[in-house]
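I have placed the structure first, in the form of structure tokens, so that the comments after it can refer back to it.
Where a number appears in this text, it was derived from the coordinates with a stated rule and is not lab data. Predicted, not measured: the structure shown is a model, and the values here were computed from it. Cβ placement follows ideal geometry from the backbone for every residue including glycine, while neighbour counts extend to all protein chains displayed.
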Amino acid sequence: MGLTIKFHMRATVYLMSSSPVQPEILNPDAREGLIILCDHATNHIPAGFEQLGLPDDVLAQHVAYDIGAEAVTRKMCELMGVSAVLAPVSRLLIDCNREPDSPTLVPAISDGISIPGNGDLSAGAIRARMDAYYTPFHDACAHLVEAHLDAGVVPLVVGMHSFTDEMGGEKRPWHAGFLWNKDPRLAQAMIGLMERETDLVIGDNLPYSGKDLYHTMERHGAAHGLPQTTIEIRQDLLAKQSMTDEWAALMADLLDECMQRDDIARIEHFR
């Protein structure tokens, strides 16, 4: 397994009682042809924000982070020796998978839950969170992409997420899903491989659509013509370490095959 380091960036912080928490880069020197970006990795809220006024039980739920996504990412990096970036804070503090001007960048309400610490924030307060957490995450992602391209490697870019087994009172039948916007290459290849190798129920742009929520993949994948997809795994299937290890091994096998395919691992822009 490669070295794990912290990616340090200068950041202007306007919060009196908190300090920046840097994104974590796994295997920063790897140039293996795959970059994993986990923008909802943690439910961490730095000291000084008083948990945004939320109780512990809310911060332990999916509303605060993608449960299991970090563990799958770490195991894949261990198995494959590839690079990854883990976002440093909860999406309730600032959501790294949103455009800078998105109304849900710093959500006042999420999944019907009011976030007291996000109410009536000034533009300066939002900018401070962007400078401290959002921008360093995306700078780290951009650095890895640039480093791969400079080395002559066209990387596959993968977002690692999880989703709840039920929403709005309806059970979700998918075991996993692959999201894409305009570039179908990687998502469709992985769906085909999953259907060939397993009997799992796979979502094509389900349970969410990559045409709606795809900022990280657009910014660090599609904008460069790189093959990209967001992997969504149902979180009840990630309840134990043995389960996250199994999913990581499966995804590693599928991506290993995709990385060898010339029709996927090349720069191509889709309109």
Taking the beta-carbon count within 10 Å as an exposure proxy, list K171, K240, K75 from fewest neighbours to most. K171, K240, K75
Number of Lys-Lys pairs in the chain under 22 Å by Cα, sequence gap 8 or more or different chains? 4
With label points set 7 Å from each Cα along the Cα-to-Cβ direction at L79 and H44, the distance between them in nm comes to 2.5 nm
The chain: angle of helix 69-80 to the longest principal axis, Cα-based, in degrees nearest 10: 40 degrees
Point-to-point label distance, A142-S242, nm (Cα→Cβ direction, 7 Å offset): 4.5 nm
Assuming 0.36 nm per residue, please report the length gained on full extension of the stretch H269 to S209 beyond their Cα-Cα distance. 19.7 nm
For region 4-259, averaging the sequence separation of alpha carbon pairs under 8 Å that lie six or more residues apart and dividing by its residue count, the contact order in percent is 24 percent
For region 42-109 and region 121-178, distance of Cα centres in Å: 9 Å
Amide H to amide H, which residues 5 or more places from F163 or on other chains are under 5 Å from it, using H placed in the peptide plane? I233, R234, Q235
Fewest-first sequence of E146, E170, E32, E232 by Cβ atoms within 10 Å of each Cβ: E170, E146, E32, E232
Taking amide H positions as placed in the peptide plane 1.01 Å from N, state which residues far from L226 in sequence (5 or more) or on other chains have amide H under 5 Å from it. E268
Prolate/oblate/rounded label for region 118-186 (Cα gyration tensor, a/c 1.5): oblate
Helix 135-150 against the longest principal axis of the chain: what's the angle in degrees, Cα atoms only, rounded to the nearest 10? 20 degrees
Roughly speaking, what is the centre-to-centre gap between region 229-271 and region 185-207 when only Cα atoms are used, to the nearest Å? 10 Å
Cα pairs beyond 24 Å in region 109-256, in percent, come to 44 percent
Mind giving me the nanometre distance, one decimal, between the label points for D120 and D253, set 7 Å out from Cα along Cα→Cβ? 5.6 nm
